[in-house]
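Enquirer: Please see the structure below; I have some questions.
The values are calculated or read from the model by the stated rules, or taken from the named source; none is laboratory data. Bear in mind that the values here come from a model prediction, so they are computed numbers and not experimental data. Cβ sites come from the backbone with ideal geometry, for glycine too, and all protein chains shown count toward neighbours. Remember, those area values only see protein heavy atoms, side chains included, never the ligands or the DNA or RNA. Shrake-Rupley method; radii C 1.70, N 1.55, O 1.52, S 1.80 Å.
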Amino acid sequence: MREVDVSLITDAVKRMSMEANTRLGDDVIATYAACAEREESETGKSILEQLQRNAAISGETGLPLCQDTGVAVVFIELGQEVHLTGGELKEAVNEGVRRGYREGYLRKSIVADPLRRKNTGDNTPAVLHVDVVPGDKVKITIATKGGGSENMSGIKMLKPADGVEGVKDYVVERVREAGPNPCPPTIVGVGIGGTFEVAAILSKKALLRPLGKRHADPFYAALEEELLEKINRLGIGPMGLGGSTTSFDVKVEVHPCHIASLPVAVNIQCHSTRHLETEI
Amino acid sequence: MSDAIRLTTPLTDADVEKLKIGDRVILSGVLYTARDAAHARLVDLIEKGEELPFDPQGQVIYFVGPTPPPPGRVIGSAGPTTSYRMDSYSPILISKGLKGMIGKGKRSKEVVESMKEHKAVYFGATGGTGALISGCIKEAEVIAYEDLGPEAIRKLVVEDFPLIVVNDAHGGDLYEKGRALYAK
Ligand code: SF4
């Protein structure tokens, strides 16, 4: 057994929640630039340039990229050889979020109850997904997810007979309906298979894969490309003002499922795609 | 792209009427911030016939919930939030003289109709560029509902805030027009 003190997890979550909100991945910055080059609409181009300027200013001033600094979605892959010491895992993660959102001057966007809606004041609790995996490491991934794009997501229980065409129609329809709301250009995470809840989690995990990186299975890699092309023919464009860049990428993740089922979930991610990972 | 139009708040009917969808506007002056929670309280006051924390006549509301200001700054990151959540509240404010709204995303038919009827305009700001927009905000002061935190009503003074007219007072909709132009 390897002992890991949970304070290390608190520190990592704190650092990553601050860093993720002020620094985009190199893949994202490169995609902004490449799409600004080829965007057909002048307005769309100028928006993609604003995104680049915004990222630069955020890096220089430490101001968050977006005022919606999100709900902290934390994925932990916990090695089964690890013995956590010094406290509770969930509380350690929440303490990291609490400190990161306070010290980073990030917005507190969480209400304690969905209907009575009182702000918790410290952006906790985080949404925590834990998987137990082989090994003696703790891998932590944090995605700070804004409400605007999360609200445009959806799930549908298709019939097996709907097949791949049904999946394509649903994904494209979701993006079309979302229109300008989720701050396009977006990244579209698609979870296919599993059960109701597995499809939803897959669609969010799909968003963690670097931009431009295709699914390892050529069948799904081709599906991602086809969906991206269809979506970019919708004409929605940057901020929905018209243009050829509606989405930067489409990511598909799949899971075995029941003979009667074909769940498909679409998690929409705005252009401000903020996530980081680390290993302890 | 055509030249940008410079405007200063408060806006008059004449200011609003000359704006057309797709116009780029550089806005300066006072703005009031409000998101859904603050809108609910404003509309509640109007329904009870009570006084509002600010007179909406000629004013512009910016749909934003900023991040806290770090030391040395008047405000943190401050980009637009999605506007449809304010759709059920906007028409009554427009009927009380509100001339402009700044946000991102589609508005309902009812909002578009009330903008036509009472002469108001909906501007789009670029979502997700809160650090960039923060630089246009010169002053910020909470004037009501401090308990709502990021959702409190703030009076902002802005300089050269870059916007685009998404819905004008003539019923136009840039989202529809823009999409139709580039759909293949
Ligand atoms: S959708 Fe994303 S970029 Fe747009 S306001 Fe929300 S978090 Fe920011």
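Enquirer: Filter the stretch B:102-135 down to the residues that are within 16 Å of the ligand (Cβ to nearest atom) and either part of a helix (DSSP H, G or I) or more than 14 Å from chain A (Cβ to nearest Cβ) (or both) and list them by number.
Expert: Selection gives B:Gly130, B:Ala131, B:Leu132, B:Ile133, B:Ser134.
Enquirer: Pairs please, first residue from the stretch A:16-29 and touching a residue at least 40 places away in the same chain (Cβ under 8 Å), second anywhere and of a type in the set (Ser, Thr, Tyr), Cβ atoms under 6 Å, 6+ apart in sequence or on different chains.
Expert: The qualifying pairs are A:Ala20/A:Thr144; A:Asn21/A:Thr69; A:Asn21/A:Thr144; A:Thr22/A:Ser58; A:Val28/A:Thr273.
Enquirer: Is at least one residue of the stretch A:247-267 within 14 Å of chain B (Cβ to nearest Cβ), touching a residue at least 60 places away in the same chain (Cβ under 8 Å) and within 16 Å of the ligand (Cβ to nearest atom)?
Expert: For the stretch A:247-267, residues within 14 Å of chain B (Cβ to nearest Cβ), touching a residue at least 60 places away in the same chain (Cβ under 8 Å) and within 16 Å of the ligand (Cβ to nearest atom): present.
Enquirer: Name the residues in the stretch A:201-230 that are part of a helix (DSSP H, G or I) and within 19 Å of A:Glu37 (Cβ to Cβ), would you?
Expert: Once the filter is applied, which keeps residues that are part of a helix (DSSP H, G or I) and within 19 Å of A:Glu37 (Cβ to Cβ), the stretch A:201-230 yields A:Leu228, A:Glu229.
Enquirer: Please pick out the residue among A:Asn119, A:Asn151, A:Asn123 that is within 13 Å of another protein chain (Cβ to nearest Cβ), under 18 Å from A:Thr69 (Cβ atoms) and away from the ligand (no atom under 16 Å from the Cβ).
Expert: Result: A:Asn119 is the single residue among A:Asn119, A:Asn151, A:Asn123 that is within 13 Å of another protein chain (Cβ to nearest Cβ), under 18 Å from A:Thr69 (Cβ atoms) and away from the ligand (no atom under 16 Å from the Cβ).
Enquirer: Same structure, new question: Which residue is nearest to the other protein chains (Cβ to nearest Cβ), if the candidates are limited to the stretch A:68-92 and must be within 16 Å of the ligand (Cβ to nearest atom) and open to solvent by less than 10 Å² (accessible area, probe 1.4 Å)?
Expert: Going through the qualifying residues, I end up with A:Thr69.
Enquirer: Out of all the residues in the stretch B:136-168, which are of a type in the set (A, V, I, L, M), over 24 Å from B:Gly22 (Cα atoms) and not in a helix (DSSP H, G or I)?
Expert: Once the filter is applied, which keeps residues that are of a type in the set (A, V, I, L, M), over 24 Å from B:Gly22 (Cα atoms) and not in a helix (DSSP H, G or I), the stretch B:136-168 yields B:Ala140, B:Val142, B:Ile143, B:Ala144, B:Ala152, B:Ile153, B:Leu156, B:Val157.
Enquirer: Here's something else I'd like to know. Out of the residues in the stretch A:142-168 that are more than 12 Å from A:Val264 (Cα to Cα) and among the aliphatic types (A, V, I, L, M), state the one that is most open to solvent (accessible area, probe 1.4 Å).
Expert: It comes out as A:Ala161.
Enquirer: Out of A:Thr22, A:Thr31, report the one residue that is open to solvent by 10 Å² or more (accessible area, probe 1.4 Å) and in a helix (DSSP H, G or I).
Expert: Every option except A:Thr31 fails the conditions.
Enquirer: Can you tell me which residues in the stretch A:229-270 are of a type in the set (Gly, Ala, Ser) and closer than 30 Å to A:Pro160 by Cβ?
Expert: A:Ser247, A:Ala260, A:Ser261, A:Ala265
Enquirer: Hey, another quick one. Name the pairs: first residue in the stretch B:40-57 and assigned to a helix (DSSP H, G or I), second residue loosely packed, with under 12 Cβ neighbours inside 10 Å, Cβ to Cβ under 9 Å, at least 6 apart or on different chains?
Expert: B:Asp44/B:Glu50; B:Leu45/B:Glu51
Enquirer: Which of the residues that make up the stretch B:1-29 are within 14 Å of chain A (Cβ to nearest Cβ) and either surrounded by fewer than 13 Cβ atoms within 10 Å (Cβ to Cβ) or of a type in the set (A, V, I, L, M, F, W, C) (or both)?
Expert: B:Met1, B:Ser2, B:Asp3, B:Ala4, B:Ile21, B:Val25, B:Ile26
Enquirer: Separate question: Filter the stretch B:165-184 for residues that are among the aliphatic types (A, V, I, L, M) and buried (at least 21 other Cβ atoms within 10 Å of the Cβ); which is nearest to the other protein chains (Cβ to nearest Cβ)?
Expert: Checked the stretch B:165-184; the qualifying residue nearest to the other protein chains (Cβ to nearest Cβ) is B:Leu174.
Enquirer: Could you run through the stretch A:169-203 and say how many residues are open to solvent by 10 Å² or more (accessible area, probe 1.4 Å), under 25 Å from A:Asp27 (Cβ atoms) and more than 16 Å from the ligand (Cβ to nearest atom)?
Expert: Residues in the stretch A:169-203 being open to solvent by 10 Å² or more (accessible area, probe 1.4 Å), under 25 Å from A:Asp27 (Cβ atoms) and more than 16 Å from the ligand (Cβ to nearest atom): 5 in total.
Enquirer: Could you grab me the full set of residues in the stretch A:209-224 that are closer than 27 Å to B:Gly128 by Cβ, more than 16 Å from the ligand (Cβ to nearest atom) and touching a strand residue (DSSP E or B) at 6+ places or on another chain (Cβ under 8 Å)?
Expert: A:Arg209, A:Gly212, A:His215, A:Glu224
Enquirer: Still on this structure, I have one more. Pick from the stretch A:40-65 the residues that are in a helix (DSSP H, G or I) and hydroxyl-bearing (Ser, Thr, Tyr): which of them is nearest to the other protein chains (Cβ to nearest Cβ)?
Expert: For the stretch A:40-65, the residue satisfying everything is A:Ser58.
Enquirer: From the list B:Val30, B:Val25, B:Val64, which residue is at pLDDT 95 or above and not in a strand (DSSP E or B)?
Expert: Result of the check over B:Val30, B:Val25, B:Val64: B:Val64.
Each row is one residue, and each column tells you yes or no for (1) at pLDDT 95 or above; (2) buried (at least 24 other Cβ atoms within 10 Å of the Cβ); (3) of a type in the set (A, V, I, L, M, F, W, C); (4) over 26 Å from A:Ser149 (Cβ atoms).
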position	(1), (2), (3), (4)
B:Gly58	yes, no, no, yes
B:Gly76	yes, yes, no, no
B:Pro80	yes, yes, no, no
B:Ile92	yes, no, yes, yes
B:Gly100	yes, yes, no, no
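Enquirer: So the check is Cβ under 8 Å with 6+ separation or different chains; which pairs have a first residue in the stretch B:69-97 that's more than 10 Å from chain A (Cβ to nearest Cβ) and outside any loop (DSSP other than H, G, I, E, B) and a second one that's crowded, with 17+ Cβ neighbours inside 10 Å and hydroxyl-bearing (Ser, Thr, Tyr)?
Expert: Taking only residues 6 or more apart or on different chains, the pairs are B:Ser90/B:Ser114; B:Pro91/B:Ser114; B:Ile94/B:Ser114; B:Ser95/B:Ser114.
Enquirer: Continuing with this model, one more query. So A:Gly100 clears everything in (1) within 14 Å of another protein chain (Cβ to nearest Cβ); (2) in a loop (DSSP other than H, G, I, E, B); (3) touching a residue at least 40 places away in the same chain (Cβ under 8 Å) except one condition, right? Which one?
Expert: (2) is the only condition that A:Gly100 fails.
Enquirer: Just to check your reading of the model, which residue among B:Asp55, B:Asp36 is of a type in the set (Asp, Glu) and within 16 Å of the ligand (Cβ to nearest atom)?
Expert: Answer to the selection: B:Asp36.
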